[in-house]
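Trainee: Before I ask anything, let me first share the structure, which is written out below as structure tokens.
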Amino acid sequence: MKTITIKKPDDMHLHVRADDALRSVVPFSARQMARAIIMPNLKPPITQIEQALTYRKQIQAAVPQGLSFTPLMTLYLTDHTTPELVIQAKEAGIVAFKLYPAGATTNSDSGVTDLFRLLPTLQAMAEVDMPLLVHGEVTDENVDIFDREAVFIERILKPLMDQVPDLRIVMEHITTSDAVRFITQTNDSRLAASVTPQHLLMNRNHLLVGGVRPHHYCLPILKRESHRQALLEAVSGCHASFFFLGTDSAPHPQNAKECTCGCAGIFSAHAAIELYAEAFEEAGALHQLEAFASQNGARFYRLPENQETITLIKQEQSIPESFDFGMQKLIPLRSGQSVAWSLA
Ligand code: DOR
Ligand code: ZN
């Protein structure tokens, strides 16, 4: 039977929510990931250091006995984030700030309305070597939802990189050939990108053909097949070191997904590395899975590589219809179906 052993991965983009929901989902990530960059878009968002440290304790308390899992905390950038806060955050061990353009996605109401008014804050991040993680979509209502990432690169990312040249940036959950091209052509270690399993495995037909699939709705939205092919090429091609694992696993209760205005977010933490293994196998790049999952992200965040390993077996795994999620139900990616790989 085909097996592959890699250093334990890190999830460089993870939503774990709070309270009962948090306690339901953290064990899934702790089973297969060594560390995770925790997104701050709670209600209310994590904008202060104290909040992040309390949140970290809550996550640590939900890690099952016998597993080790390190949450790496981020703060939510707002119009009011000061350079002083950036310096204090660095000293407190916060690993990054997250930019949500106001209104771009789930719980982004307190997001940034005009990034270029925050230049002193962004400059402070560059000075203390604190990366900025960007949700790279414009919110202009005149821009088509399928074009919002490409427009963000032109209108925001390029000028930002010119105006704060030393700022290190992660373009989170990239979905387009435009993003891949921009990152590979920039070819500079200060710009990297995370890639989700859903954007490597699915295109927009999976969202819309044969009926609308609310559990395949996430932001940035799934794109056409040519973009998916560009992502597969990105993570396996000669510039693969700029790309790393970030699931964007984003749990919502079933009733918040299956309704007249469903939330964006796909839950994948239950089988994240197995799903990535499927994608890398499709790309003929299983030998590059370890770099993507366990090395490229650690290098960008200046973390040591994990020494523990995990082994994946090419053996079909059935995915339950749902998981408990506090008092509610959570519908996972591949609900009621299977994934081609299993964790040993
Ligand atoms: O699909 C998404 N869900 N995209 C995001 O940017 C946020 C996330 C969430 O928090 O649910
Ligand atoms: Zn996210």
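The values are calculated or read from the model by the stated rules, or taken from the named source; none is laboratory data. Remember, it's a predicted structure, so these values are computed and weren't measured experimentally. Note: ideal-geometry Cβ built from the backbone for every residue, glycine included; neighbour counts use all protein chains shown.
Trainee: Exactly one condition in (1) out of contact with any Gly (no Cβ under 9 Å at 6 or more places or on another chain); (2) under 20 Å from Asp129 (Cβ atoms); (3) not in a loop (DSSP other than H, G, I, E, B) is false for Gln51; which is it?
Mentor: So Gln51 meets the others, but not (2).
Trainee: Can you tell me which residues in the stretch 216-266 are near ligand 1 (Cβ under 10 Å from one of its atoms) and among the polar types (S, T, N, Q)?
Mentor: Ser249
Trainee: For the subset of the stretch 171-183 comprising residues that are closer than 20 Å to Asn296 by Cβ and out of contact with any Gly (no Cβ under 8 Å at 6 or more places or on another chain), which member is nearest to ligand 1 (Cβ to nearest atom)? Lay out the reasoning, then the answer.
Mentor: First, the residues of the stretch 171-183 that are closer than 20 Å to Asn296 by Cβ: 171-177, 179-183.
From the residues that got through so far, the ones that are out of contact with any Gly (no Cβ under 8 Å at 6 or more places or on another chain) too are 175-177, 180-183.
Numbers: Thr175: 11, Thr176: 15, Ser177: 20, Val180: 19, Arg181: 22, Phe182: 19, Ile183: 19 Å.
Ranking the candidates gives Thr175 first.
Trainee: Same structure again: Given the criterion at pLDDT 95 or above, closer than 25 Å to Tyr301 by Cα and surrounded by 18 or more Cβ atoms within 10 Å (Cβ to Cβ), identify the matching residue among His239, His199. Show your work before the answer.
Mentor: Values: His239 fails: surrounded by 18 or more Cβ atoms within 10 Å (Cβ to Cβ).
From the options His239, His199, the qualifying one is His199.
Trainee: Could I ask something else about it? Need pairs with beta-carbon distance below 6 Å; first residue more than 20 Å from Leu85 (Cβ to Cβ) and without any contact (Cβ under 8 Å) to a residue 40 or more places away in the chain and within the stretch 97-109, second part of a loop (DSSP other than H, G, I, E, B) and more than 10 Å from ligand 2 (Cβ to nearest atom); sequence gap 6+ or separate chains.
Mentor: Once the first residue is more than 20 Å from Leu85 (Cβ to Cβ) and without any contact (Cβ under 8 Å) to a residue 40 or more places away in the chain and sits in the stretch 97-109, its partners that are part of a loop (DSSP other than H, G, I, E, B) and more than 10 Å from ligand 2 (Cβ to nearest atom) give Gly103/Thr139.
Trainee: Follow-up. If you take the residues in the stretch 254-271 that are touching a Cys at 6+ places or on another chain (Cβ under 9 Å) and either more than 16 Å from ligand 2 (Cβ to nearest atom) or of a type in the set (A, V, I, L, M, F, W, C) (or both), which one is farthest from Lys98 (Cα to Cα)?
Mentor: Within the stretch 254-271, the subset touching a Cys at 6+ places or on another chain (Cβ under 9 Å) is 256-257, 264-266.
If we keep only those that are either more than 16 Å from ligand 2 (Cβ to nearest atom) or of a type in the set (A, V, I, L, M, F, W, C) (or both) as well, we get 256, 264, 266.
Numbers: Ala256: 24, Ala264: 18, Ile266: 19 Å.
Checked the stretch 254-271; the qualifying residue farthest from Lys98 (Cα to Cα) is Ala256.
Trainee: Determine if the stretch 1-15 includes at least one residue that is within 16 Å of ligand 1 (Cβ to nearest atom), surrounded by 22 or more Cβ atoms within 10 Å (Cβ to Cβ) and over 20 Å from Ser294 (Cα atoms). Give the derivation first.
Mentor: We begin by selecting, within the stretch 1-15, every residue within 16 Å of ligand 1 (Cβ to nearest atom); these are 11-15.
Narrowing further to those that are surrounded by 22 or more Cβ atoms within 10 Å (Cβ to Cβ): 11-15.
Next, only the ones that are over 20 Å from Ser294 (Cα atoms) stay: none.
Scanning the stretch 1-15, I find no residue that is within 16 Å of ligand 1 (Cβ to nearest atom), surrounded by 22 or more Cβ atoms within 10 Å (Cβ to Cβ) and over 20 Å from Ser294 (Cα atoms), so the answer is no.
Trainee: Can I ask one more? Consider only pairs whose beta carbons are under 9 Å apart and that are at least six residues apart or on different chains; among these, list those whose first residue lies in the stretch 232-257 and is more than 17 Å from His199 (Cβ to Cβ) and outside any strand (DSSP E or B) and whose second residue is within 16 Å of ligand 2 (Cβ to nearest atom) and of a type in the set (D, E, K, R).
Mentor: Filtered contacts from the stretch 232-257: Pro251/Arg17; His252/Arg17.
Trainee: Evaluate the stretch 61-76: report whether one residue or more is away from ligand 1 (no atom under 16 Å from the Cβ), out of contact with any strand residue (DSSP E or B) (no Cβ under 6 Å at 6 or more places or on another chain) and either assigned to a helix (DSSP H, G or I) or of a type in the set (D, E, K, R) (or both).
Mentor: Taking every residue of the stretch 61-76 in turn, at least one turns out to be away from ligand 1 (no atom under 16 Å from the Cβ), out of contact with any strand residue (DSSP E or B) (no Cβ under 6 Å at 6 or more places or on another chain) and either assigned to a helix (DSSP H, G or I) or of a type in the set (D, E, K, R) (or both).
Trainee: Has the stretch 33-43 got any residue that is farther than 23 Å from Pro131 by Cβ, at pLDDT below 95, surrounded by fewer than 18 Cβ atoms within 10 Å (Cβ to Cβ) and within 16 Å of ligand 1 (Cβ to nearest atom)? Walk me through how you get there before you give the answer.
Mentor: Our first condition is that a residue be farther than 23 Å from Pro131 by Cβ; within the stretch 33-43, this holds for 43.
Add one more test, that the residue is at pLDDT below 95, and what stays is 43.
Checking which are surrounded by fewer than 18 Cβ atoms within 10 Å (Cβ to Cβ) leaves us with 43.
Going one step further and asking which of them are within 16 Å of ligand 1 (Cβ to nearest atom), we end up with 43.
Taking every residue of the stretch 33-43 in turn, at least one turns out to be farther than 23 Å from Pro131 by Cβ, at pLDDT below 95, surrounded by fewer than 18 Cβ atoms within 10 Å (Cβ to Cβ) and within 16 Å of ligand 1 (Cβ to nearest atom).
Trainee: Still on this structure, I have one more. Are any residues in the stretch 304-321 out of contact with any Gly (no Cβ under 7 Å at 6 or more places or on another chain), surrounded by fewer than 15 Cβ atoms within 10 Å (Cβ to Cβ) and part of a loop (DSSP other than H, G, I, E, B), and if so, which ones?
Mentor: Pro304, Glu305, Gln307, Glu308, Glu316, Pro320
Trainee: For the stretch 92-205, give me every one of the strands (runs of 3 or more DSSP E) that falls completely inside it and has 3 or more residues that are of a type in the set (A, V, I, L, M). Break it down stepwise before answering.
Mentor: Details: elements: 96-99, 132-134, 169-171, 191-195.
In the stretch 92-205, the matching strands (runs of 3 or more DSSP E) lie at 132-134, 169-171, 191-195.
Trainee: For the structure I just gave you, tell me whether Ala36 is hydrophobic (A, V, I, L, M, F, W, C), touching a strand residue (DSSP E or B) at 6+ places or on another chain (Cβ under 7 Å) and not in a loop (DSSP other than H, G, I, E, B).
Mentor: On the way: hydrophobic (A, V, I, L, M, F, W, C): yes; touching a strand residue (DSSP E or B) at 6+ places or on another chain (Cβ under 7 Å): yes; not in a loop (DSSP other than H, G, I, E, B): yes.
So Ala36 fits the description; yes.
Trainee: Looking at the stretch 278-293 only, could you name the residues that are touching a Phe, Trp or Tyr at 6+ places or on another chain (Cβ under 9 Å) and either in a helix (DSSP H, G or I) or aromatic (Phe, Trp, Tyr) (or both)? Break it down into steps so the answer makes sense when it comes.
Mentor: If we filter the stretch 278-293 for residues that are touching a Phe, Trp or Tyr at 6+ places or on another chain (Cβ under 9 Å), which is where we start, we get 278, 280-281, 285-289, 291-293.
Of everything in the stretch 278-293, those that are touching a Phe, Trp or Tyr at 6+ places or on another chain (Cβ under 9 Å) and either in a helix (DSSP H, G or I) or aromatic (Phe, Trp, Tyr) (or both) turn out to be Glu278, Phe280, Glu281, Leu286, His287, Gln288, Leu289, Ala291, Phe292, Ala293.
Trainee: Out of Ala21, Ala61, I need the residue that is away from ligand 2 (no atom under 16 Å from the Cβ) and among the small types (Gly, Ala, Ser). Which one?
Mentor: Working: Ala21 fails: away from ligand 2 (no atom under 16 Å from the Cβ).
Result: Ala61 is the single residue among Ala21, Ala61 that is away from ligand 2 (no atom under 16 Å from the Cβ) and among the small types (Gly, Ala, Ser).
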